[in-house]
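Note sheet for the following structure.
Nothing in this text is a laboratory measurement; each read-out follows from the coordinates by a stated rule. Not measured: the values here are computed from a predicted model. Quick reminder, even Gly has a Cβ in these numbers, built from the backbone with ideal geometry, and neighbours come from all protein chains shown.
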Amino acid sequence: MVKLIFCLRRRPEISEEEFHRYWREEHGPLVTRHASALGIRRYVQLHTTSGAVNAILAASRGGPEAYDGVAELWFDDTDALVAGSEAGMAAAAELALDEARFIDHGRSPLFVAEEHPVIA
């Protein structure tokens with residue numbers, strides 16, 4: 001299995017609350033509807049929490065601005081990730097249009113990774 005990791009930052013005009021609501025209640029179900037056409041085996045949303053702990057952690061490392069969340073999408077392999085059926089390409093286009101409503105793509109890195117558990 002491989003994962004597509006998407007580190008998300010919201011569009012500047014969208015509040016944190018609206019970003020998390022939209023991602024969870026609108027975009028998540030859209031991904032679910034298209035999962036089969038895209039070959040997605042699993043989809044997890046990691047919503048960054050607000051509060052003192054994240055601020056303390058960032059300050060302790062001198063780290064950059066936090067992401068608003070991280071999406072993890074599992075695929076059988078890289079071939080499954082890039083395979084482009086007509087239905088899959090249409091689904092990917094619809095998801096990209098929807099993402100543009102709430103994600104700042106220019107500040108949201110996207111990459112493929114393999115998981116190597118250390119403590120399971």
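Would you check which residues across the stretch 22-32 are surrounded by 13 or more Cβ atoms within 10 Å (Cβ to Cβ) and either without any contact (Cβ under 8 Å) to a residue 60 or more places away in the chain or closer than 20 Å to residue 89 by Cβ (or both) and list them? Listed by number, the residues that qualify are 24, 27, 28, 30, 31.
Is there a residue being within 30 Å of residue 82 (Cα to Cα) and among the small types (Gly, Ala, Ser) anywhere in the stretch 11-26? No, the stretch 11-26 contains no residue that is within 30 Å of residue 82 (Cα to Cα) and among the small types (Gly, Ala, Ser).
The residues of the stretch 66-114 that are loosely packed, with under 10 Cβ neighbours inside 10 Å and in contact (Cβ under 8 Å) with a residue 40 or more places away in the chain, listed by number, are 111, 114.
Of the residues contained in the stretch 75-83, one or more are found to be among the aliphatic types (A, V, I, L, M) and within 16 Å of the chain's Cα centre (by Cα). Among the residues of the stretch 57-84, those that are touching a helix residue (DSSP H, G or I) at 6+ places or on another chain (Cβ under 7 Å) and not aliphatic (A, V, I, L, M) comprise 68, 69, 75.
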